[in-house]
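Remarks on the structure that follows.
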Amino acid sequence: MSPDPAASRAGAATGVARPRRAAAGARLAAGLRAACAAALVLAAAPPSSAAAPPAAAAAPAGAPVDLNFDLHLDPATRRLQGHGTLSVRTAGAAALVLGRRYTLAATLDGRPLAAPAVHGEQQVWRLPAGCAPCRLQVEWQGVLAGLPDQSAQRETLGDLPAMADPQGSFLPAGSFWYPVVMTAGDALPASHRIRIQVPPGQRALIAGNTQDEREDADGYRATFAQSAGGEALDLVAGPYKVSERRMRAADGRELRIATWFHAELDTLSAGYLDAAENYLKRYEALIGAYPSDAFRIVSSPLPTGFGMPGYTYLGVRVLRLPFIKSTSLGHEVLHNWWGNGVYPDYARGNWSEGLTTFMADYAYKEDAGAEAAREMRLGWLRDLAAVPAGDAFPLAQFTARRHGSSQIIGYHKAALVFLMLRDQIGRTAFERGLRRFWQQKRFQVAGWDDMRAAWEQESGRDLQAFFRQWLQRADLPRLRLRAARRLKDGTRHGVEIELQQQTPPYALEVPLTVVTAAGSVTANLHMDAAQSRVRLDLPAPAQSVTLDADFRLARELAPGEAPPILRQVLLDAATRVVTLGDAATRAAAERLARAMLDQPPGSVAAAADGPRLVLGTTAEVEQWLAAHKLAPRPADLTGGDVAAWAAQTSTGARYAVVAARDAAALDAALRALPHYGAQSWVLMENGKVTRRGSWEGRPQTLQAAD
Ligand SMILES: [Zn+2]
């Protein structure tokens, strides 16, 4: 079920290994925070209104800002022109912020605004404290950036400027392409009614319900409107061919599902529409009616993977990847509920990525079967174990994905927290809690506390301690199985199990599996101390005890629990390379090692018992393994002219082995093998991978003693 590694590597190279939502609020806030801390101090609300920050007080109707704009975008000349009004109601100080590439003429209640302060890439106009309401008349224009050079495209799409091109235009919220009203670093929730015009052949889209859509000799015109207060807006445009169908929403409304694709993607449209329809039905049944009047899949010349309200904006190359329909698309559809339907409270932690990962990416694995789901959980735990100690942070501090560690915590640890919660309160209460949260917080900012309250009401349990430990602690439980003793009392059998964890302890429901001659018994041990002992009655003498056999707890894996994979050795700067065989073989081995390793071999001083990458002919490699008292080539790795596998010494040192028929086979492996780092083992023939796989995870198990 997992995507082809070569393809997923291509995905990573384009910056969408896992397409993400455009965290408009966060990007906007972060952009301004980074650029102009001074303006924020100016704009901070006075103490009288500090108790109710406007962003947190977003209401379903009567948003503090109402935008009414007319826009004209010409991708060929890259010129954007806009004019219209902003109506602002705010008790405290606020600021109007617009990117530096635009000129603005504005009046506030009929009087021209004073000159702006310039902070980094933004112009900032102070607005008077207390608007009830103020009316701003604005007219602005500017020339947008062109599309970046393909070769310059990197993962940092968060800081993109507004760009225009006949092949596609993208005006991200964080670029301040229209005047945004901000207070204390956050965009105030805004309702909007925006009319946009683009030249013939082009189409443009903004979040909101579509009204008055027209296409004629003058081009494409449409109005997008939303009456509830939403986050800052992105604008996309391009030479789209539209395929559209209708479906009935859970509440009876008619929904449009459409692809807005570049012509070259036309044949993919029907498959994407089918998939989108299925996802919409699935999530309506689980959560509630889809909150918009349309869902569109829009192609982008950039390697984007964004979910906006009512549409997802995915790169042309991304859309061509065969697994996107069955993975990322569902994730982006679900963001219409979590993230773009209920807004995370970024200041107190972004829960939306974890919940979306749990209900999309992970749920699809559960659909595929228990094994696939277990494999994903084990992968998450292995990733968590790989987060350097100094990089770990409490989940409550996650705002948006910035690097590998933040994704592992914000997406994967969070998904495990939702799994543990569902395991504890049961699926029914869990899903009812989701529906309650949706009904109560739709189109509002909501935090972890609001979710907790919904689940407390549905489960009748106090979940404070559960959420506190998982949100506030940066460490993970270090659970160890210490002892398993057989008990016998007359004809009755039992086992006494001892567990240990760190201080201060976590409160956990620890799944234990006891194997007996009469079958296995599973039990959950409630553990809230550093040491715990439990006695279980059994039908027959205990043979072995396994802790968390299915990897359902967020915890720090013990050495040996996660199967070794090639990447662990390939990424380690301390890895030493050992080449074996005649001169030609060793030269080929050296070339392959350079292609596989993340950094040049020998780039840091290596310890004698550190990680090793061993390459050579099969016979020489086997001799070397025997001489170093290491396990021989695993018996099931047969066939092919190259076998590669990852393993661990008895002291825990990692090593990877590449055993080849000859130098030519090593050279033939040069292209493909480096892409298979996520595997435990790979078999190749004539340069092609014929089989690959991951060793089983080995949860902590003790043989029961008398
Ligand atoms: Zn996401």
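Every number in this text was worked out from the coordinates using simple rules, so none of it is lab data. Computed from a predicted structure; not experimentally measured. Every residue, glycine among them, receives a Cβ derived from its backbone with ideal geometry; neighbour counts consider all protein chains shown.
For ALA529 and ALA474, calculate 0.36 nm times their separation in residues minus their Cα-Cα distance, and state this gained length in nm to one decimal. Write out the running numbers ahead of the final one.
Details: separation 55, 0.36 × 55 = 19.80 nm, distance 1.84 nm.
Taking ALA529 through ALA474 to full extension adds about 18.0 nm, to one decimal.
May I ask you to compute the full-extension gain from PHE393 to ALA249, defined as 0.36 nm times their residue separation minus their alpha-carbon distance, rounded to one decimal in nm? Intermediate values should be presented prior to the final figure.
On the way: separation 144, 0.36 × 144 = 51.84 nm, distance 4.00 nm.
My answer for the length gained is 47.8 nm.
Report the local net charge at ASP636: Lys and Arg +1, Asp and Glu -1, summed over other residues whose C-beta lies under 14 Å from its C-beta. Let's see the in-between values first.
On the way: positive: ARG633, ARG691, ARG692; negative: GLU696.
Neighbourhood net charge equals +2.
How far, in degrees from 0 to 90, does helix 427-441 lean away from the longest principal axis of the Cα atoms of the chain, to the nearest 10?
20 degrees
For a test of the definition: using alpha carbon positions, the gyration tensor, and the 1.5 limit on a/c, classify region 374-495 as rounded, prolate or oblate.
oblate
Once each part is reduced to its C-alpha centroid, what is the distance from region 205-231 to region 405-427 in angstrom?
So the separation of the two Cα centres works out to 37 Å.
For a Förster distance of 22 Å, can you work out the FRET efficiency between the beta-carbons of TRP624 and ARG691, rounded to the nearest 0.05?
Values: r = 24 Å, r/R0 = 1.08.
So the FRET efficiency works out to roughly 0.40.
Based on other C-beta atoms within 10 Å, arrange ILE425, ILE409 from fewest to most.
In order of increasing Cβ crowding within 10 Å: ILE425, ILE409.
So what is the 222 nm mean residue ellipticity for the chain from helices alone, if each DSSP H run of at least 4 adds -39500 (n - 2.57) and you divide by all residues, rounding to the nearest 500 deg cm²/dmol?
Numbers: 19 runs with 179 residues, N = 706.
Only helices count here, giving -7500 deg cm²/dmol.
Which one, THR579, VAL118, ALA289, projects farthest toward the positive side of the charge dipole computed for the chain from Cβ point charges (K/R +1, D/E -1)?
VAL118
Apply the Karplus parameterisation 6.51 cos²θ - 1.76 cosθ + 1.60, with θ equal to phi minus 60°, to every residue of region 328-337 and state each ³J(HN,Hα) to the nearest whole Hz, in sequence, with x for glycine and proline.
In residue order, the calculated couplings are 5, 4, x, 4, 5, 4, 5, 4, 5, 8 Hz.
Need the C-alpha centroid separation for region 270-319 versus region 354-403, integer Å.
Taking the Cα centre of region 354-403 as reference, the centre of region 270-319 is 22 Å away.
List the residues, sorted by chain then number, that are 5 or more residues from LEU479 or on another chain and whose placed amide H is less than 5 Å from its amide H.
Residues meeting the amide H criterion: GLU556.
What ranking do ILE297, ILE287 get, fewest neighbouring Cβ atoms within 10 angstrom at the top?
Working: ILE297 27, ILE287 24.
Lowest to highest Cβ neighbour count: ILE287, ILE297.
Need one number: the % of Cα-Cα pairs in the chain sitting beyond the 51 Å mark.
Numbers: 51157 of 248865 pairs.
Counting pairs separated by more than 51 Å, the tail of P(r) holds 21 percent.
On a 0 to 90° scale, report how tilted helix 24-35 is relative to the longest principal axis of the chain, with both axes built from alpha carbons and the result rounded to the nearest 10.
80 degrees
Applying the Karplus parametrisation 6.51 cos²θ - 1.76 cosθ + 1.60 with θ = phi - 60° to the phi angles of region 352-361, what ³J(HN,Hα) value in whole Hz is obtained for each residue in order, glycine and proline being reported as x?
Residue by residue, region 352-361 yields 6, 5, x, 5, 5, 4, 5, 8, 10, 3 Hz.
Pull up all non-local amide H partners of ALA549: gap of 5 or more, or a different chain, and H-to-H distance under 5 Å with H placed in the peptide plane.
Result for ALA549 returns THR513.
How large is the charge dipole for region 566-693, taken about the Cα centre, if only the Cβ atoms of Lys, Arg (+1) and Asp, Glu (-1) carry charge, to the nearest 20 debye?
That gives region 566-693 a dipole magnitude of about 260 debye.
Can you compute the radius of gyration and Dmax for region 413-568, using only the Cα atoms, both in Å?
Every Cα atom of region 413-568 included, Rg and Dmax give 18.5, 64 Å.
Provide MET182, MET163 in ascending order of the number of other Cβ atoms located within 10 Å of each residue's Cβ, fewest first. List each step's numbers first, then the result.
Details: MET182 26, MET163 21.
Starting with the residue having the fewest Cβ neighbours, the order is MET163, MET182.
Hey, what angle do you get for helix 618-627 against the long axis of the chain, alpha-carbon based, 0 to 90 degrees rounded to 10?
Orientation of helix 618-627: about 70 degrees from the principal axis.
Residues with amide H under 5 Å of LEU302's amide H, sequence separation 5 or more or different chain, H placed in the peptide plane at 1.01 Å from N; which?
Residues meeting the amide H criterion: VAL316.
Once you have a ≥ b ≥ c as the square roots of the Cα gyration tensor eigenvalues for region 566-693, tell me rounded if a/c is under 1.5, and otherwise prolate or oblate according to whether a/b is larger than b/c.
On the way: a/c = 1.32, a/b = 1.21, b/c = 1.09.
Judged from the Cα gyration tensor, region 566-693 comes out rounded (a/c under 1.5).
Can you give the percent of C-alpha pairs in region 480-547 whose distance is more than 13 Å? Don't skip to the end; give the middle numbers.
Working: 1369 of 2278 pairs.
Result for the distance tail: 60 percent.
Could you tally the net charge around TRP470, taking each other residue with its Cβ under 12 Å from the Cβ of TRP470, Lys/Arg +1 and Asp/Glu -1?
Around TRP470, the charge tally is +4.
Once each part is reduced to its C-alpha centroid, what is the distance from region 459-483 to region 644-662 in angstrom?
Comparing the Cα centres of region 459-483 and region 644-662, I get a distance of 36 Å.
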